[in-house]
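Engineer: Would you mind keeping the following structure in view while I ask a few things?
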Amino acid sequence: HYDRGNGKMKVLVDQIWFANGLAMSPSEDFIVVAETYGSKLLKHWLQGEKKGTTEVFLDGIPGAPDNLTFDKKGIWVVLAVAADTDNPMLSHLLAGHPIIRKFLSRLFELFLMPFKLVNSFYPNPWTNYMIREFGSTDMVIHLFPKRRTIIRLDWSGKILKSCHGNDDSTGMITHAAEIDDYLY
């Protein structure tokens, strides 16, 4: 929370496994936060009897929720990565193994370090390419199901509809916007 009056910030919710999207309810009494690696949405109360508490808004989402787009009717939730029992997310498999997660992330960063070092002294297209390719999700996106999913929720967390693409005609989707009768 940022207080414009005194310019200070305060953490409202901690221990979120990659917070990556935010939606304010129409009455501004709660916010919904996408917990990407937890495959769920959290609801944090800003007003009322439950003020300051956090609860699960929607759990068991079949993938990694990314940006949230909201209006008075509800929330569009985009799944950047699909996941299911046949194709679990690596973050789910390693959830109970923090030492392995830390090791893999450091190993990955160690791999990128020479390219970053060379690029800091001699910026060039080749090292930029390596950093971009190996430092992004493009390297691992082929490991996930080809399903692209966007979910429409109401403000109680009920799923109203979902859109799925299985033909691999699009890459990773990270945002959706409803304009008139179209979803972009």
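Engineer: Taking the options ALA83, ALA34, name whichever one is modelled with pLDDT under 90 and touching a Pro at 6+ places or on another chain (Cβ under 8 Å). Explain how you work it out, then say what you get.
Structural biologist: Numbers: ALA34 fails: modelled with pLDDT under 90.
Being modelled with pLDDT under 90 and touching a Pro at 6+ places or on another chain (Cβ under 8 Å) holds for just one of ALA83, ALA34, which is ALA83.
Engineer: Exactly one of these conditions fails for HIS44: (1) over 19 Å from THR174 (Cβ atoms); (2) at pLDDT below 95; (3) touching a Gly at 6+ places or on another chain (Cβ under 9 Å). Give me its number.
Structural biologist: (2)
Conditions (1) touching a strand residue (DSSP E or B) at 6+ places or on another chain (Cβ under 9 Å); (2) among the hydroxyl-bearing types (Ser, Thr, Tyr); (3) in a loop (DSSP other than H, G, I, E, B); (4) surrounded by fewer than 16 Cβ atoms within 10 Å (Cβ to Cβ), marked per residue:
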| site | (1), (2), (3), (4) |
| --- | --- |
| LEU12 | yes, no, yes, yes |
| TRP17 | yes, no, yes, yes |
| LEU22 | yes, no, no, yes |
| SER27 | no, yes, yes, yes |
| ILE31 | yes, no, no, no |
| TYR37 | yes, yes, yes, no |
| LYS43 | yes, no, no, no |
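Engineer: Can you name the residue in the stretch 45-80 that is aliphatic (A, V, I, L, M) and open to solvent by 20 Å² or more (accessible area, probe 1.4 Å) and, of all such residues, is farthest from the chain's Cα centre (by Cα)? Spell out the reasoning first.
Structural biologist: Going through the stretch 45-80, the residues aliphatic (A, V, I, L, M) turn out to be 46, 56, 58, 61, 64, 68, 75, 77-80.
Now restrict to residues that are open to solvent by 20 Å² or more (accessible area, probe 1.4 Å): 46, 56, 58.
Working: LEU46: 22, VAL56: 15, LEU58: 14 Å.
Residue satisfying both the conditions and the ranking: LEU46.
The values are calculated or read from the model by the stated rules, or taken from the named source; none is laboratory data. All values reported here derive from a predicted model rather than from experimental measurement. As a convention, Cβ positions derive from the backbone with ideal geometry for all residues, glycine included, and neighbour counts pool all protein chains shown. Note: areas computed on protein heavy atoms with side chains; ligands, DNA, RNA excluded. Shrake-Rupley method; radii C 1.70, N 1.55, O 1.52, S 1.80 Å.
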